[in-house]
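Notes to accompany the following structure.
Values quoted throughout were computed directly from the atomic coordinates according to the rules given, and no laboratory measurement underlies them. Only a predicted model underlies this, so the values are computations on that prediction, with no experimental measurement involved. Here the Cβ positions follow ideal geometry from the backbone for every residue, glycine too, while neighbour counts run over all protein chains shown.
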Amino acid sequence: MKVVPTAIADVLLLEPKIFGDARGLFLESYNRRTFQEDTGLDVEFVQDNHSRSSRNVLRGLHYQIRHAQGKLVRVITGDIWDVAVDLRRNSPTFGRSVAFWLDADSRRMAWIPPGFAHGFLVTSAYAEVLYKTTDYYEPVHERTLLWNDPALAIDWPVTGEPLLAEKDRKGSLLAAAEVYA
């Protein structure tokens, strides 16, 4: 696996080794030992999630104020604009975001560590996204950061208004959001 750094050091892009021939291809989408050796991180994933969304659906920016989740995100169909926002108050990159394309063709994955809000915009006709989490979903602790907060200045490649869940429409501005100590 190739580890590609991003503008925020703790957020990583991961490129798996792909083995292809006339029959198709094979890749290990996750191997704990390889993940640890290549990233230096020893994490335990406890939950797998799968979403399917159509073009212009924007999911996020979500996080859990307690039971913070690290996420290993990959796209199995389509493509997305993936975004992570650092919400760790004591971090030198607090309030900054990093964004990148994830798509089924490249099979590239993203590691979003605990302490970050995460969201994505579907830019293909539809996309299926799989992500592993390091803690369980706890609805009572879920929070949403407003996707278009001017303080975040995220350059979403959206055409018109995105399709949003009600909780995403009502997200908090960074200035008023609960964040990590």
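Got at least one residue in segment 145-154 being free of Cβ contacts under 8 Å to residues at least 60 places away in the same chain, assigned to a strand (DSSP E or B), buried (at least 18 other Cβ atoms within 10 Å of the Cβ) and not charged (D, E, K, R)?
no
Is there a residue in segment 14-37 that is within 15 Å of the chain's Cα centre (by Cα), more than 27 Å from residue 170 (Cβ to Cβ), aliphatic (A, V, I, L, M) and loosely packed, with under 14 Cβ neighbours inside 10 Å?
Scanning segment 14-37, I find no residue that is within 15 Å of the chain's Cα centre (by Cα), more than 27 Å from residue 170 (Cβ to Cβ), aliphatic (A, V, I, L, M) and loosely packed, with under 14 Cβ neighbours inside 10 Å, so the answer is no.
If a residue has to be among the basic types (Lys, Arg), within 26 Å of residue 126 (Cα to Cα) and either in contact with a helix residue (DSSP H, G or I) (Cβ under 6 Å, 6 or more places away or on another chain) or assigned to a loop (DSSP other than H, G, I, E, B) (or both) to count, how many in segment 47-102 make the cut?
So the count comes out to 1.
Would you please list the contacts, defined by Cβ atoms under 6 Å and residues six or more apart or on different chains, that run from a residue in segment 88-111 that is farther than 21 Å from residue 131 by Cβ to a residue that is of a type in the set (A, V, I, L, M) and crowded, with 18+ Cβ neighbours inside 10 Å?
Listed by first residue and then by second, the contacts come to 89/179; 93/8; 95/174.
For residue 130, work out the one condition from (1) of a type in the set (A, V, I, L, M); (2) in a strand (DSSP E or B); (3) more than 30 Å from residue 42 (Cα to Cα) it doesn't fulfil.
(3)
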